[in-house]
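Worksheet for the structure shown next.
Every number in this text was worked out from the coordinates using simple rules, so none of it is lab data. Since the structure is predicted, the reported quantities are computational estimates derived from the model, not experimental observations. Cβ atoms come from the backbone with ideal geometry, glycine included; neighbour counts cover every protein chain shown.
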Amino acid sequence: METVILDAGSPEQIRSAVSEAANRLHLGQIVALPTETVYGLAACAFNATACASVFEAKQRPGFDPLIVHVSGRTMLETVAELPADVADTVKILIAEFWPGPLTFVLPRIAAVPDIVTAGLDTVAVRCSNHPIFKAVIKELGTPLAAPSANRFGSISPTSSSAVMTELSGRIPLIIDSGACSSGMESTIIRVEASGKPKPFIHLLRPGPVTVEMLKKFGKVIAAGQLSPPDGKPEAPGQLSSHYAPQTSLQLLAKPGDFKPEPGRRYAMLSYRGQPKDGYIDLHPWHAVEILSPGSGKLPEAAVRFFFALRKLDECGADTIIAEPVPERGVGLAIQDRLRRAATK
């Protein structure tokens, strides 16, 4: 299969790309589309055969559910129900964070194919804020199932070239709209009634919508573990090994944990690149990528994270050494991805 990339830089190119993507999706094909988080591999959510093609192209196991993308509240109700005991909170969260990188796990509507939900009674739903993704859904008039456009378990793509590296020859079309603005997959939550005015907000996957942003709407409860107790995820991105480069990765807790082996080539994924942090001068690194040079701004680190990790994966090192990132704000999501990458 030949994989075609369509540029979507100018208004004319965007109109052409949206039309081509919508047409192919309508015909049951799968298409890589940009979102504000990472590039997604989209299929019409009600087309089980098309969704099966997503699993096949990604080599994704059938027990890992997909996220369904909708245009807003009205389309949400075609794929999910709002339980009466949490409906008001969900509506408030939607008003606050949609369109944007927040995904809800909600009871599914029967029309959603089992393959999309991995047989679960729930479905993960979000509304992207990317203009191209929104335009494609509007033109189609139907929800899109769209996990990240990469092979299962590997580094998420934040550019069309990264999608091409991952899925060339496996998918027919990539829409290129440049680099993603968030660079980190959406936050995933499940809202549960608590018997008190504020509900429980279960944080199933950390992301750009942070704990600090969510806690004014309810008591945030983090999963606190790499994978679900029964091994079956209730949302994407919960498996213990995920987001991993081909090169082995070691996440340090402190500088003294680094014990280099003679003859091995080590690359460094640094948070700030500051010598005073104790990591950058530990070793004559084969290559170095710095997430946020100097001051260490977590949003900048999140945007650069997958891009930097992919560069180090391709640099020829034997092992990538990652220094820790502060677990506040979106840093919680970065550390989550590093831990999962390090378990490969």
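Between Ile221 and Ala179, the FRET efficiency from the beta-carbon distance, with R0 = 45 Å, is close to 0.85.
Extending 7 Å from Cα along the Cβ direction at Val4 and again at Val288 yields two label points whose distance is 4.5 nm.
On the beta carbon distance between Arg24 and Lys297, with R0 = 41 Å, the FRET formula returns roughly 0.60.
Length available on full extension from Arg151 to Arg328: 0.36 nm per residue minus the Cα-Cα distance, which gives 60.8 nm.
Under 19 Å from a label point set 7 Å out along the Cα-to-Cβ vector of Ser16, the amide N atoms of region 23-46 belong to 23-25, 32-34.
Considering only alpha-carbon pairs that sit under 8 angstrom and 6 or more positions apart, the relative contact order computed for region 173-307 is 19 percent. Taking θ as phi - 60° and the Karplus parameters 6.51, -1.76 and 1.60, the scalar couplings of region 135-149 work out to 5, 5, 4, 4, 5, 6, x, 9, x, 10, 7, 8, x, 5, 8 Hz in sequence order, x denoting glycine and proline. Over the chain, Cα pairs under 8 Å with separation of 6+ residues give a relative contact order of 19 percent.
Computed from backbone phi with θ = phi - 60° and the Karplus coefficients 6.51, -1.76 and 1.60, the 3J(HN,Hα) list for region 57-70 is 5, 7, 6, 8, x, x, 8, 9, x, 9, 8, 9, 9, 10 Hz; x is used for glycine and proline.
Please list, in order, the residues from region 204-225 whose amide nitrogen is less than 15 Å from a point placed 7 Å along the Cα→Cβ vector of Ser240. Only 224-225 pass the distance filter. Within region 41-63, list the residues whose amide N lies under 13 Å from a label point set 7 Å along Cα→Cβ of Lys232. The answer is 62-63.
Annotation: amide H-H contacts under 5 Å for Ala244 (H modelled 1.01 Å from N, sequence separation of 5 or more, or interchain): Ser154, Ile155.
Looking at this model, which pairs from Lys134/Lys198; Lys219/Lys254; Lys276/Lys297; Lys254/Lys311; Lys91/Lys215; Lys134/Lys232 are more than 20 angstrom apart at the alpha-carbon? Result: Lys134/Lys198; Lys219/Lys254; Lys254/Lys311; Lys134/Lys232 exceed 20 Å. The antiparallel fraction among DSSP beta bridges confined to the chain stands at about 40%. Working note: Karplus 6.51/-1.76/1.60 with θ = phi - 60° gives region 244-254 the couplings 9, x, 5, 6, 4, 10, 10, 9, 7, 9, 8 Hz, where Gly and Pro are set to x. For the chain, the equivalent ellipsoid derived from the alpha-carbon gyration tensor has semi-axes of 32, 25, 18 Å in decreasing order.
Sequence-distant contacts, meaning Cα pairs under 8 Å at least 6 residues apart, place the relative contact order of region 248-342 at 38 percent.
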